[in-house]
Amino acid sequence: MQILAELGVEIYYGKTAGVDFTLDELRADGYDAIFVAVGAQLAKRLNLPGEDSDGIMDALLFLRSVREEKPVPIGKRVGVIGAGDTAMDCIRSAYRLGSEVTLIYRRTIDQMPADREEIRGAIEEGIEILELAKPTALRIEDGKLAGLVCSRMEYRGDRDASGRKIPHEVPDSEWEIPLDTLILAISQHTVLDFFGDEMTELTDRGYIRVDPTTY
């Protein structure tokens, strides 16, 4: 922040969007462009029964606790669902906390969107990557996670609109992975409710609709 301030950027701390300032007020103050860079703060969910039980947490909560050097207890057996850079951060952080870690992904490693270097690093550390596995149910005992039920997946040659291989569920292929903790790293939603009715039009994916050339 100090470097930005030295470059001439004006920084206002302690200001809440929609409370201390509005979009209309910013425009009235003469700002020609307003860039909203709040990130994606709300973790997506599996939508499986029992997901609110102890032992199931989102990736951002876990990573924040690690960064603050106050890691939440995760036990010995940890599963991480996801395949992006956030999932890589989770599996490597959990592994370094001393847990046995398994990454669970419904496609294969070559289809992972995570940075290749991150994936190689995880493999070199000895972290298990379970490919072609789709979570289908949670086993909950006394209000706490005990295991994750998965189905085997397979490729059958078809691809989606982006060209990615489409995984299909193999009938009667369910099995259970015993777990103490399940970390969800399956992307996040952007929360854009702070400007109320002032908020501009959103895309089908929940992002602010902008000019595709100038943004």
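Of all residues in the range 102-110, at least one satisfies being more than 14 Å from ASP180 (Cα to Cα) and loosely packed, with under 14 Cβ neighbours inside 10 Å. Give the residues of the range 187-204 that are within 15 Å of the chain's Cα centre (by Cα) and assigned to a loop (DSSP other than H, G, I, E, B), sorted by residue number. Listed by number, the residues that qualify are SER187, THR190, VAL191.
Only one of VAL9, VAL78, VAL72 is free of Cβ contacts under 8 Å to residues at least 24 places away in the same chain and closer than 23 Å to GLY143 by Cβ. Can you tell me which?
Numbers: VAL9 fails: closer than 23 Å to GLY143 by Cβ; VAL78 fails: free of Cβ contacts under 8 Å to residues at least 24 places away in the same chain.
Within the list VAL9, VAL78, VAL72, the selection yields VAL72.
Answer yes if at least one residue in the range 158-168 is touching a helix residue (DSSP H, G or I) at 6+ places or on another chain (Cβ under 9 Å), under 30 Å from GLY39 (Cβ atoms), open to solvent by 30 Å² or more (accessible area, probe 1.4 Å) and modelled with pLDDT of 95 or more, and no otherwise. The answer is no, given that none of the residues of the range 158-168 is touching a helix residue (DSSP H, G or I) at 6+ places or on another chain (Cβ under 9 Å), under 30 Å from GLY39 (Cβ atoms), open to solvent by 30 Å² or more (accessible area, probe 1.4 Å) and modelled with pLDDT of 95 or more. The sole residue among GLU174, GLU117, GLU125 that is without any contact (Cβ under 8 Å) to a residue 60 or more places away in the chain, open to solvent by 30 Å² or more (accessible area, probe 1.4 Å), under 23 Å from ILE56 (Cα atoms) and charged (D, E, K, R) is GLU174. Scanning the range 67-79 for residues that are open to solvent by 50 Å² or more (accessible area, probe 1.4 Å) and either of a type in the set (Phe, Trp, Tyr) or in contact with a helix residue (DSSP H, G or I) (Cβ under 8 Å, 6 or more places away or on another chain) (or both) gives a single hit, PRO71.
Against the list (1) assigned to a loop (DSSP other than H, G, I, E, B); (2) free of Cβ contacts under 8 Å to residues at least 24 places away in the same chain; (3) open to solvent by 50 Å² or more (accessible area, probe 1.4 Å), the condition ARG64 fails is (1). Of everything in the range 19-45 that is of a type in the set (Gly, Ala, Ser) and at pLDDT 85 or above, the residue that is least open to solvent (accessible area, probe 1.4 Å) is GLY30. Scanning the range 192-205 for residues that are exposed (fewer than 12 other Cβ atoms within 10 Å of the Cβ) and in contact with a strand residue (DSSP E or B) (Cβ under 9 Å, 6 or more places away or on another chain) yields one hit, GLU201.
Scanning the range 169-215 for residues that are at pLDDT below 80 and on the phi > 0 side of the Ramachandran plot gives SER187, GLY196, GLY206, TYR215.
Take the conditions within 27 Å of ARG205 (Cβ to Cβ) and touching a residue at least 60 places away in the same chain (Cβ under 8 Å) and apply them to ALA40. Does it pass? Here the answer is yes, as ALA40 does meet what is asked.
Could you give me the residue pairs with C-beta distances under 8 Å whose first residue belongs to the range 20-32 and is closer than 19 Å to ILE208 by Cα, whose second residue is among the aliphatic types (A, V, I, L, M) and not in a helix (DSSP H, G or I) wherever it lies, and which are 6+ apart or on separate chains? Every condition considered, the pairs that remain are LEU23/ILE34; LEU23/MET199; LEU26/ILE34; ARG27/ILE34.
Within the range 1-18, being of a type in the set (A, V, I, L, M, F, W, C) and modelled with pLDDT under 90 holds for MET1, ALA17.
The values are calculated or read from the model by the stated rules, or taken from the named source; none is laboratory data. Only a predicted model underlies this, so the values are computations on that prediction, with no experimental measurement involved. With ideal geometry, Cβ positions are generated from the backbone for all residues, glycine too; neighbour counts draw on all protein chains shown. Remember, those area values only see protein heavy atoms, side chains included, never the ligands or the DNA or RNA. Shrake-Rupley method; radii C 1.70, N 1.55, O 1.52, S 1.80 Å.
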